[in-house]
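Read the figures in this text as sums done on the coordinates, not as results from a lab. Fair warning: this is a prediction, and the values are worked out from it, not measured in the lab. Here Cβ is always computed from backbone atoms with ideal geometry, including for glycine, and neighbour counts include all displayed protein chains.
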Amino acid sequence: MGIDLSQFHHIFFEESFENVDLLEQGLLALDITQPDVETINTIFRAAHSIKGGAGTFGFQMVADFTHVMENLLDRIRSGQRTLDQDVVDILLGSVDCLRMLLTAAREGGEPDRALCVAQQERLEAALSDSRPASAEPAGEGEEGADSASARVSEQTGWRIVFHPHPELTQRGNDPLRLIRELKELAPARVTCDSSQLPSWDKYEPTRCDLIWTIELMQVVPRAQIEDIFSWVEDECDLAIVPMVKNVVLEGDNSSPSQASQESRPIAAGVSQIASMTEENENHDKKSGQVTRPPTSLPSGHTISQSIRVDLPKVDALINMVGELVITQSMLNMLRDEPELQGYDRLHEGLAQLQRQTRALQEGVMQIRMLPISFCFSRFPRMVRDLGRQLGKDIELVMSGENTEVDKTVIEKITDPLVHLVRNSIDHGIEPSEAREAAGKPRTGHVWLRAYHQVGNIVIEVADDGGGINRDRVLQKARERGLVPADGRLTPQQIDELIFEPGFSTQEAVTDLSGRGVGMDVVRRNVQALGGSISVESEEGKGTTFIIRLPLTLAIMDGQLIQVGDETYIIPLVSVVESLEPDRAMIHYVGGDTETIKLRGEYVPVIRLAEILGVHQPVRPALEDGIVVIVETDRQRYGIFVDDLLNQQQIVIKSLEDNYRRVPGISGATILGDGRVALILDVDGLMGLLKEKEGMVHE
Amino acid sequence: MSDIATREYLTFSLGDEVYAIDILRVREIRSWETVTRVPFANLWECGLVNVRGAIVPVTDLRRRLGLSTRPFDKHTVVILVGRRDNDRDKICGLVVDQLNDVISASATSIQDAPRFRSRIDMRFVSGLTEHAGRMVILLNLDTLFDTQAGAVPADLEGETQ
Amino acid sequence: MAKILAVDDSASMRQMVVFTLRAAGHDVEEAENGVQALEKARASTFDLVISDVNMPEMNGIELIRLLRQESAYQFTPLLMLTTESAPEKKAEGKAAGATGWIVKPFNPDQLLSIVKKVLG
């Protein structure tokens, strides 16, 4: 029977890329002076697993390449090869190469063979240059596997391969008794490979020639399993291997049955057992399929902690909930209808519907949430490589990796973060000598922190470098005409200048940050996500960039406002306050720029009707209408509107799906009555005003 | 395409003239409803409507073709059509005076648009055919929504008013 | 219920074992050393033998070795009572044919659960 292996390719690639990440994280986590056995095993298992899959699915280049990597890792694991920085570097280089090979295989593209051959030669050179380890690798730990692997994979149980030697029964032990004991620990699935049984004429009833595979469907302490086998450990071959399931939410075509295929073993815990597993796999090959677990587990026994879901399915669900929110807000509007007054149960029901809708919405949005570690995980490698490249000693400290945020936010925030981290390493952290001269520790630190703060996620990129050199920033800004030569700025205003378009203080454009992409682009990207970025810096002590982002891009709280017969929405997060100005507050600056004086500060006012071309504003004079004070990263200003309507949660819809970007508008939503309302882009509006004024002055 | 290949077209009227679009592009017909005006839009873009949760722009076909405008009435409909834009499927609405029939036209029966001066911009016309003794103008939906394809020629504006 | 032979030179230990097993309904005979045990084992057939290791006359490991050679005891569970302080005895006992061991000190429940396990 021909089985089309290509149906498994998708899952193979997904799993392999995850294993490549594991490999990389493991290598980066290794302390070469005191390598942790479990980390080395994790690394080895990842490579082993890729090799196995690649061979099975016919990706020979991947299999061959991984084979050499695995050999080197095996030498390290068994102590035949010292672990030093060179080896780690070669292995990290190999990780990149492996990623390239996998990508080419997945996309059917042509791999960079030269790179692959060169890297393979490096690996082989390291192999032949085997220096035995001076000391046994220290450390241990089974349950306490390193965090890198714990984050990506989740153990679902144990797979035990048990091959009794003939003398086991001859010493009064009974394999069935042991299996029975295992089954008392947890629900188990037992398969038996009888391919080792001799032919009938040579059969000896007292010998035991069977190989059992027992899959425990729950995680129990490994010691409990080992305990059961303690009497017979020398009378059998035994492998106790964690069964893992990878926890990933990604767009793919996995069905629940495919999800359970993932619960399969990766290789073993201690080297002796690992080689055992290989032996058993060889048995499998000879015998066909006996010990190979069936591809789908009986549902009653599976303890499934997660399932894979198609991203489009999730988004369809989110859309549907969005519709529900709109329907709900429509019903809410009906509440005030005169003919519906007095129906208490209806009103109670509506209130309940509102609460439930909100809860449902939050629950559904959770599905799209991923830990920020999906983005952070690239930084250890990057910091390490950049540090080496620049000859700076840098330690990266990350915290809050488990903070959850919308998948799209993760995808889009990565580039700005990369830029900030590069910036910290390149411009922030001083060379080691300079640090020592300044009485600071040689090793520079970069912190990457994430945490939640009232409906937002905050990400900080901090360093203990030299801080922003305000004199130089100011000087540059003056040279570039960004500030008048005699302009007086507060330290904070000076720091803010680095976000100005085209601003860069680095005269010698370095390879790292100076690629013509400035902080202004970072700010723009953050703002495109509905977020903001600010900077705090202390000369000589360091710099911290603080990014605030909405938890989700799909929903926000909005202030509905009216101008003429049009309704717009201002994101509530930008609104500082709303006021009805009296005449005394209104001032004209430079002839025609309207401002209101608010607690001693002159705040410019934008007339929304004018800037957006609304036909009939109801209230032409500022003192007749309402000014909504909003705040952006750049400044605070007022938006003049006719009326404030209610505040409500809105479902954000893209204008670009069927239309195009509109200046001053960040998106649209559907109101309770089914009408479309536009969401104001608070930052973009200010730009529009400047443009307009610029035109007037010309 | 072979000579006998025929395609179906949805016809509608703008004033006295009959226009047609490829029926395969039609997604839905809706009655006219209030739209939300978009700032900085072109003159022919009426605004946005909510189509089951999607934000869809609506084009006033009369304005787009440079014809005189008239108030919308109970016969006014919005035809939702699909189009490709930057490798993405988009939906747009077209406001027309009145819906007519679906007709079949063979490839041979379609003539190139004549090169004479017309009331409408010939870039929007993909051909002419005849139905029930009347001329039917086949519209090119791709240029219709291409915002780069010129606005209403100023000199025609006065003529048609 | 099973027929069990308990072997220990320490009377208190032996009594604890015997008492516990009898309380659980087993038919238990006792012996003070290997020589005595071997005689009793040959006189009748036991389902399980539990023997201390350090005993005068004939130690437990020797007893297990000899018992294993008897055809009646070829597959019978033979357990030894050992202490953690003598791990090498475990291997020695295994080599002699012991099924497994019970580590002293143990309480009656532990003893019963092990016995239950090996008797199935």
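The three principal axes of the C-alpha atoms in segment A:537-635 carry coordinate ranges of 52, 37, 21 Å, sorted with the longest axis first.
The alpha carbon convex hull volume per residue for segment A:305-459 rounds to 165 Å³.
Sort A:Asp415, C:Asp8 so the one with the fewest other Cβ atoms within 10 Å of its own Cβ comes first.
Ascending Cβ contact count within 10 Å gives the list A:Asp415, C:Asp8.
When you work out D = kT/(6 pi eta Rh) for segment B:16-97 at 4 °C and 1.567 mPa s, using the Kirkwood radius from C-alpha pairs as Rh and the Stokes-Einstein form, the result is 97 µm²/s. Placing a label point 7 Å from the Cα of A:Asp96 along the Cα-to-Cβ direction, the residues of segment A:354-387 whose backbone N falls under 17 Å from that point are A:378-387. Give the lysines reachable from C:Lys116 as a straight Cα distance under 22 Å; neighbours fewer than 8 places away on the same chain don't count. In chain and number order, the partners are A:Lys183, C:Lys3, C:Lys90, C:Lys94, C:Lys104. Backbone N atoms of segment B:75-102 closer than 11 Å to the 7 Å Cα→Cβ label point of B:Ser31 belong to residues B:75-77.
With each label modelled as a point 7 angstrom along the Cα→C-beta vector, the A:Ala621-A:Met382 pair spans 5.6 nm.
Spin-label pair A:Leu317-B:Thr108: with each label point 7 Å from Cα along the Cα-Cβ axis, the two points sit 5.7 nm from one another. Peptide B:51-61 has a mean of 4 when you count, residue by residue, the C-beta atoms of other protein chains within 10 Å of its C-beta.
Given R₀ = 35 Å, FRET efficiency for C:Ser44-A:Val219 by Cβ-Cβ distance, to 0.05? The calculated FRET efficiency here is 0.15. In terms of surrounding Cβ atoms within a 10 Å radius of their Cβ, B:Trp32, A:Trp158 rank from fewest to most as B:Trp32, A:Trp158. When the P(r) is computed for segment C:30-106, the part past 17 Å accounts for 36% of the Cα-Cα pairs. Each of B:Met135 and C:Gln110 was given a label point 7 Å from its Cα along the Cα-to-Cβ line. The distance between the two points is 10.6 nm. This ranking places A:His165, A:His347 by how few other beta-carbon atoms lie within 10 Å of each, fewest first, which gives A:His347, A:His165.
Over segment B:6-147, the hull volume per residue, using the convex hull of the C-alpha atoms, is 125 Å³.
Within the straight-line cut-off of under 12 Å between alpha carbons, the aspartates and glutamates reachable from C:Lys89 are C:Asp52, C:Glu62, sequence neighbours fewer than 8 places apart in one chain being disregarded. As a calculated quantity, the FRET efficiency between A:Asp89 and A:His10 at R0 = 25 Å, using C-beta atoms, amounts to about 0.20. Stretched out straight at 0.36 nm per residue, the stretch from A:Ser195 to A:Asn402 would grow longer than its current Cα-Cα span by 69.8 nm. Going 7 Å from the Cα of A:Lys690 in the Cα-to-Cβ direction, what parts of segment A:615-641 have a backbone nitrogen less than 15 Å from that spot? What the label zone holds, given the 15 Å backbone N cut-off, is A:632-637.
A Förster radius of 35 Å, combined with the Cβ-Cβ distance separating C:Val35 from A:Asp209, puts the computed FRET efficiency at roughly 0.40.
Measuring from centroid to centroid over Cα atoms, what is the spacing of segment A:446-494 and segment C:51-120 in Å? Here the two parts' Cα centres lie 76 Å apart.
Around the amide H of A:Val405, modelled in the peptide plane, lie the amide H atoms of A:Leu370, A:Ile372, all under 5 Å away and 5 or more residues distant in sequence or on another chain.
Shape summary: segment A:584-654 maps onto an equivalent ellipsoid whose semi-axes, from the alpha-carbon gyration tensor, are 22, 16, 12 Å in decreasing order.
Counting Cβ atoms of other protein chains within 10 Å of each residue's Cβ and taking the mean over peptide A:674-684 gives 3.
Size descriptors for segment A:327-389: radius of gyration and Dmax over Cα atoms are 23.8, 75 Å.
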